[in-house]
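Visitor: Quick one: structure below, then a few questions.
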Amino acid sequence: MLIQIDPILSPEILYTLRAMGHGDRLVLCDSNFPAYSTNDNVHRLDGVDVARAAKAILSVFPLDSFIPSPIQRMEIDGKPNELNDVHQELINVVKEVSGSHWKVSSIERQKFYEVASEAFAVIATNETRPFGCFIFTKGVVKPDGSVWILESK
């Protein structure tokens, strides 16, 4: 165990998050997402839903302030502007853990699969609600340990 590190983050997940560089993407997905056929670097968080996983990940993961939206959610087919419960929970977790200045945008489902195939890693949860899939883009940590936030944000 480590102090102030969420215990659901396994050594393998922590290693992956630490190994990622600025601009690398991490997919956080639900249990229906084809994680293993989409990406070779998959970690499982069994028994955990997306909101719980996001809270743990974002406690150590800096978001990218150099792009307009460092978090993308999978769109509901035919309803790109609709937010379901899992989308809203994730947005609430982002605000709680990382702050309210981060934009969560949407990405069409088939495009999501393409981007996920090029992501650094996938973390698969036991989330059963549909369209509970997200992409986080890693940002920059300053020498003092804080997350680099562009002044124009």
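The values are calculated or read from the model by the stated rules, or taken from the named source; none is laboratory data. This structure is a prediction, so every number in the text was calculated from the model and none was measured. Here the Cβ positions follow ideal geometry from the backbone for every residue, glycine too, while neighbour counts run over all protein chains shown.
Visitor: Looking only at region 90-123, filter to residues that are among the basic types (K, R) and touching a strand residue (DSSP E or B) at 6+ places or on another chain (Cβ under 8 Å); which one of those is nearest to Y15 (Cα to Cα)? If you could, list the steps in order and put the result at the bottom.
Guide: First, the residues of region 90-123 that are among the basic types (K, R): 95, 103, 109, 111.
Remaining after also requiring touching a strand residue (DSSP E or B) at 6+ places or on another chain (Cβ under 8 Å): 103, 109.
Details: K103: 26, R109: 28 Å.
Among those that are among the basic types (K, R) and touching a strand residue (DSSP E or B) at 6+ places or on another chain (Cβ under 8 Å), it is K103.
Visitor: Specify the residue that is nearest to the chain's Cα centre (by Cα); the eligible residues are those in region 31-84 that are among the basic types (K, R) and within 17 Å of I107 (Cα to Cα). Step through it out loud before you land on a result.
Guide: First, the residues of region 31-84 that are among the basic types (K, R): 44, 52, 55, 73, 79.
Applying the additional criterion that residues be within 17 Å of I107 (Cα to Cα) yields 73, 79.
Values: R73: 9, K79: 21 Å.
Out of the qualifying residues, it is R73.
Visitor: Quick one: would you say R44 is basic (K, R), within 14 Å of V27 (Cα to Cα) and touching a helix residue (DSSP H, G or I) at 6+ places or on another chain (Cβ under 9 Å)?
Guide: Values: basic (K, R): yes; within 14 Å of V27 (Cα to Cα): yes; touching a helix residue (DSSP H, G or I) at 6+ places or on another chain (Cβ under 9 Å): yes.
Answer is yes for this residue.
Visitor: Which condition number in (1) farther than 16 Å from D77 by Cβ; (2) at pLDDT 95 or above; (3) surrounded by fewer than 15 Cβ atoms within 10 Å (Cβ to Cβ) is the one that H101 fails?
Guide: It is condition (2) that H101 fails.
Visitor: Moving to a separate point now. Output the residue which, of all residues in region 10-42 that are closer than 17 Å to E127 by Cβ and of a type in the set (A, V, I, L, M, F, W, C), is surrounded by the fewest Cβ atoms within 10 Å (Cβ to Cβ).
Guide: V42
Visitor: Next question, about the same structure. Being touching a strand residue (DSSP E or B) at 6+ places or on another chain (Cβ under 6 Å) and assigned to a helix (DSSP H, G or I) is the filter here, so list the residues in region 69-89 that pass it.
Guide: Looking only at region 69-89, we keep the residues that are touching a strand residue (DSSP E or B) at 6+ places or on another chain (Cβ under 6 Å), and these are 69-73, 75, 80, 82, 87.
Within region 69-89, H87 is the sole residue that qualifies.
Visitor: Taking interchain pairs and intrachain pairs at least six residues apart, which have beta carbon atoms under 7 angstrom, with the first residue in region 115-126 and closer than 14 Å to D24 by Cβ and the second in a loop (DSSP other than H, G, I, E, B) and basic (K, R)?
Guide: Hits for this filter: zero, empty list.
Visitor: Now, a different point. Assuming F66 fulfils every condition listed in (1) crowded, with 17+ Cβ neighbours inside 10 Å; (2) touching a residue at least 60 places away in the same chain (Cβ under 8 Å); (3) within 23 Å of G21 (Cα to Cα) apart from one, which condition is it?
Guide: (1)
Visitor: Which numbered condition trips up I91, out of (1) under 20 Å from G145 (Cα atoms); (2) surrounded by 14 or more Cβ atoms within 10 Å (Cβ to Cβ); (3) within 14 Å of the chain's Cα centre (by Cα)?
Guide: Checking I91 against (1) under 20 Å from G145 (Cα atoms); (2) surrounded by 14 or more Cβ atoms within 10 Å (Cβ to Cβ); (3) within 14 Å of the chain's Cα centre (by Cα), the one that fails is (1).
Visitor: In the list L150, L83, which residue meets the criterion of being among the aliphatic types (A, V, I, L, M) and without any contact (Cβ under 8 Å) to a residue 12 or more places away in the chain?
Guide: On the way: L150 fails: without any contact (Cβ under 8 Å) to a residue 12 or more places away in the chain.
The conditions single out L83.
Visitor: Return the residues of region 1-32 that are hydrophobic (A, V, I, L, M, F, W, C), more than 17 Å from F134 (Cα to Cα) and touching a helix residue (DSSP H, G or I) at 6+ places or on another chain (Cβ under 9 Å); say none if nothing qualifies.
Guide: Of everything in region 1-32, those that are hydrophobic (A, V, I, L, M, F, W, C), more than 17 Å from F134 (Cα to Cα) and touching a helix residue (DSSP H, G or I) at 6+ places or on another chain (Cβ under 9 Å) turn out to be L2, I5, I8, L9.
Visitor: Suppose we keep only residues that are assigned to a loop (DSSP other than H, G, I, E, B) and farther than 17 Å from E108 by Cα within region 130-142. Which one would you say is farthest from the chain's Cα centre (by Cα)? Write out each step before concluding.
Guide: Filtering region 130-142 for residues assigned to a loop (DSSP other than H, G, I, E, B) gives 130-133, 139-140, 142.
Now drop any that are not farther than 17 Å from E108 by Cα, which leaves 139-140, 142.
Working: G139: 12, V140: 15, K142: 21 Å.
Residue satisfying both the conditions and the ranking: K142.
Visitor: Go through (1) out of contact with any Gly (no Cβ under 8 Å at 6 or more places or on another chain); (2) among the charged types (D, E, K, R); (3) surrounded by 13 or more Cβ atoms within 10 Å (Cβ to Cβ) one by one and return the number of the condition D85 breaks.
Guide: (3)
Visitor: For K55, are the conditions met, namely being in contact with a His (Cβ under 9 Å, 6 or more places away or on another chain) and closer than 18 Å to L17 by Cβ?
Guide: Details: in contact with a His (Cβ under 9 Å, 6 or more places away or on another chain): no; closer than 18 Å to L17 by Cβ: yes.
In short, no.
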